[in-house]
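To start, the structure itself, in structure tokens.
The values are calculated or read from the model by the stated rules, or taken from the named source; none is laboratory data. Here the structure is a predicted model, which is why all the values come from computation and not from measurement. Here Cβ is always computed from backbone atoms with ideal geometry, including for glycine, and neighbour counts include all displayed protein chains.
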Amino acid sequence: KALQDQVYKLTVGQTAQALASELSIKGSEAVLLPHITNRLQVETDENGEVKVRVLDSQGKPSALSIDDLKKEFRSNVAFKPLIVASNASGSGASGGGSGGGAAKKPSEMTTQERLEFQKNDPQGFQAAVANGDFNN
């Protein structure tokens, strides 16, 4: 039983944690985690290898991949407020502006960058406002 619990934590637990961290806005990983964990199961294949299987919404084994599960969470309206925006631009080119996050001074940010800063780091944004960092 202890070994099974350890295998579960090292497979399903780590996969769920990684997904929650990737998908959710900073600070909301714990809210998504149980929902992701409920969609994962550890299995041993015919060769004795342990792997993580994605379950369907009813908890039954499915052919879904981890990427399919990510897409499902991203498109679920109930989770939209917790999900970080996708960085997909559609052109295949990497986006030009948001390389280092806070590398730009708030006073030098465009309106769009300020909105992203507020969305991605509400506490940092409030601190910048309080410190007058948006003033030239």
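Quick notes
- Any hit, the stretch 56-75, residues being among the aliphatic types (A, V, I, L, M) and closer than 30 Å to Phe125 by Cα: no
- If you check Val77, Val50 for being among the β-branched types (Val, Ile, Thr), closer than 21 Å to Gln17 by Cβ, in the same structural domain as Ser24 (by TED's automatic domain parsing) and modelled with pLDDT of 75 or more, only one passes: Val50.
- Number of residues in the stretch 14-60 that are closer than 15 Å to Lys80 by Cα and part of a strand (DSSP E or B): the value is 1.
- Leading residue by the ranking (surrounded by the fewest Cβ atoms within 10 Å (Cβ to Cβ)) among those in the stretch 15-54 that are polar (S, T, N, Q) and touching an Asp or Glu at 6+ places or on another chain (Cβ under 9 Å): Ser21
- Qualifying residue in the stretch 31-43 (condition: of a type in the set (Asp, Glu) and more than 12 Å from the chain's Cα centre (by Cα)): yes
- Checking each residue in the stretch 61-84 for being surrounded by 12 or more Cβ atoms within 10 Å (Cβ to Cβ) and either assigned to a loop (DSSP other than H, G, I, E, B) or touching a residue at least 40 places away in the same chain (Cβ under 8 Å) (or both) picks out Ser62, Leu64, Ile66, Leu69, Lys70, Phe73, Arg74, Asn76, Phe79, Leu82, Ile83, Val84.
- Flag for Leu10 being among the hydrophobic types (A, V, I, L, M, F, W, C), assigned to a helix (DSSP H, G or I), exposed (fewer than 11 other Cβ atoms within 10 Å of the Cβ) and over 16 Å from the mean Cα position of the chain (by Cα): no
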